[in-house]
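A quick write-up on the structure given underneath.
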Amino acid sequence: MPPLSRRQFAAVTAAGLVGLAHARTQAFHRALEQTGLKEVFKDDFLIGTAVDGRTVDDPSTPLAQLVAREFNAITPTNMMKWGPLEPREGEWQWAGPDRLVAFGAAHGMTVVGHTLVWHSQTPRWLFVDEQDAPVSKERLLKRIETRIQALVGRYQGRVAIWDVVNEAIDEDEKGWRQSRFLTIAGPEFVERAFRAAHEADPKATLLYNDYNEHNPGRRRFLVDVIRDYKRRGVPIHGVGFQGHVGLDYPDLAEYEKSLQAIAAEGLQVHVTELDVDVLPRASGYTGAEISTNFELSEKLNPWKTGLPPEIDEKLTARYRQLFELFLKYRETIARVSTWGTFDGESWKNNFPVRGRTNYPLLFDRELKPKAAYAALVALKHPTAR
């Protein structure tokens, strides 16, 4: 065989390097199939997801296996909320939470409890007495403490993080939400919940969890509350940023200011319910109040059979922007959890308009990773594109 010219040698060498790079990329992706996103971000923060009871009922299903492979933190969507867990006073539905906690333990996952006190999904009996009259302040506070003692106490040492109070700041961003908790017990119910949770499990991480925390008004109010609690010894350890965002909202500069504000107070940030809404916004509504609905229309549900490539590119770019920001604040952010695992189970298919086809998560309706998933991997492993 005659010797190769310089040009031929260069071409063969380049082809060999490309082949080697491809082989390494393929090997990396095969390894990723066994370890998932939790391995990609193992030096940065926990990677979590929220699941319902069906996911943990049978660990052999493809969805359960996907959850176990990809994530190292797990949150229940509904089974620990007050109404589903204690539909009648003193009658506890422990089967679902027990399975979830066992699933987490079996797969070495950090289990997050969601949520101890929330104005929604409450049982009717909670706010009335035996005569169906409004319950007294002290009795309501006692019921809150009893629930927390039972729930947090049952899983002491097994549930590491609790969303203690959820969505208690009002939409006007000027104070506490006008809920029945506030009407009956005043803002004391928030503090009492944190103290009760700490008493039930002194080692648990306790969070206040809410949405739209990028808004300056909410940020100012929350920081004032945190400073007051720290001054008086109320045990609060972190803030949950739900992270229900869209392709073009919120302004990430304002989001970053909120991350900075919480970091300055010495608290952890947990991104607790991340998803990216790709559909047209309904009347400009961006809140998370689930009692609100809008009439379904073709304009608000344009992609029933699949996401157009240009929108998928925007979704990918948005996830990349978000995780670039999260990595920038890896010293403050302890966890990033999506609200749901794959598009087919997302609440965004039904909120704020029921029956839409949305695409807000990292796995599609066939449980396959999307381009956004690959973009997140590439943030940590640029050669694995």
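The values are calculated or read from the model by the stated rules, or taken from the named source; none is laboratory data. Note that the structure is predicted; figures quoted are calculated from it, not measured. With ideal geometry, Cβ positions are generated from the backbone for all residues, glycine too; neighbour counts draw on all protein chains shown.
Hey, among the residues in region 121-137 that are assigned to a loop (DSSP other than H, G, I, E, B) and in contact (Cβ under 8 Å) with a residue 12 or more places away in the chain, which one's nearest to A64 (Cα to Cα)? Break it down into steps so the answer makes sense when it comes.
Within region 121-137, the subset assigned to a loop (DSSP other than H, G, I, E, B) is 121-123, 129-133, 135-136.
Filter again for in contact (Cβ under 8 Å) with a residue 12 or more places away in the chain, leaving 121-123, 135-136.
Numbers: Q121: 26, T122: 28, P123: 30, V135: 42, S136: 44 Å.
Residue satisfying both the conditions and the ranking: Q121.
Is region 197-210 home to any residue that is over 12 Å from I148 (Cα atoms) and in contact with a Ser or Thr (Cβ under 9 Å, 6 or more places away or on another chain)? Within region 197-210 (the criterion being over 12 Å from I148 (Cα atoms) and in contact with a Ser or Thr (Cβ under 9 Å, 6 or more places away or on another chain)), the answer is yes, since at least one residue qualifies. For region 324-344, the criterion of being in contact (Cβ under 8 Å) with a residue 60 or more places away in the chain, under 20 Å from E310 (Cβ atoms) and either in contact with a Cys (Cβ under 8 Å, 6 or more places away or on another chain) or not aromatic (F, W, Y) (or both) is met by no residue.
Please tell me if A168 is under 26 Å from R219 (Cβ atoms), modelled with pLDDT of 95 or more and crowded, with 16+ Cβ neighbours inside 10 Å.
Yes: the conditions hold for A168.
The single residue among G90, G83, G108 that is surrounded by fewer than 19 Cβ atoms within 10 Å (Cβ to Cβ) and under 22 Å from N209 (Cβ atoms) turns out to be G83.
When Y319, Y255 are checked against the criterion of being hydroxyl-bearing (S, T, Y), at pLDDT 95 or above, within 20 Å of A375 (Cα to Cα) and not in a loop (DSSP other than H, G, I, E, B), Y319 stands alone in meeting it. The residue that is surrounded by the most Cβ atoms within 10 Å (Cβ to Cβ), counting only those in region 171-193 that are small (G, A, S) and at pLDDT 95 or above, is A193.
When you look at V271, is it modelled with pLDDT of 95 or more and touching a Gly at 6+ places or on another chain (Cβ under 8 Å), yes or no? Please lay out each step first, then the result.
Values: modelled with pLDDT of 95 or more: yes; touching a Gly at 6+ places or on another chain (Cβ under 8 Å): yes.
Spelling it out, V271 is indeed modelled with pLDDT of 95 or more and touching a Gly at 6+ places or on another chain (Cβ under 8 Å).
Of the residues making up region 138-194, just one is among the aromatic types (F, W, Y), assigned to a strand (DSSP E or B) and touching a residue at least 24 places away in the same chain (Cβ under 8 Å), namely W162.
For region 346-365, taking the residues that are touching a residue at least 24 places away in the same chain (Cβ under 8 Å) and within 18 Å of R69 (Cα to Cα), the one that is surrounded by the fewest Cβ atoms within 10 Å (Cβ to Cβ) is identified as F363. Among the residues here, K380 qualifies as over 22 Å from L63 (Cα atoms), in contact (Cβ under 8 Å) with a residue 24 or more places away in the chain and charged (D, E, K, R).
Tallying residues that are over 15 Å from Q156 (Cα atoms) and crowded, with 16+ Cβ neighbours inside 10 Å within region 94-105 yields 3.
What helices (runs of 4 or more DSSP H) completely inside region 1-120 contain at least 2 residues that are modelled with pLDDT under 95 and touching a helix residue (DSSP H, G or I) at 6+ places or on another chain (Cβ under 6 Å)?
On the way: elements: 6-35, 37-40, 53-57, 62-70, 82-85, 95-106.
By residue number, 6-35, 53-57.
Tell me which residues, restricted to region 325-341, are over 8 Å from the mean Cα position of the chain (by Cα) and β-branched (V, I, T). Result: T332, I333, T341. Applying the set (1) more than 21 Å from the chain's Cα centre (by Cα); (2) surrounded by fewer than 20 Cβ atoms within 10 Å (Cβ to Cβ) to A196 leaves exactly one unmet item: (2).
Each row is one residue, and each column tells you yes or no for (1) crowded, with 20+ Cβ neighbours inside 10 Å; (2) β-branched (V, I, T).
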site	(1), (2)
L207	yes, no
R218	yes, no
D228	no, no
R232	no, no
I236	yes, yes
V239	yes, yes
Q242	yes, no
V245	yes, yes
A253	no, no
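Within region 202-222, residues that are within 13 Å of H237 (Cα to Cα) sit with their Cβ atoms under 6 Å from residues that are of a type in the set (A, V, I, L, M, F, W, C) and assigned to a helix (DSSP H, G or I), at 6+ positions apart or across chains, in these pairs: L206/F194; L206/A197.
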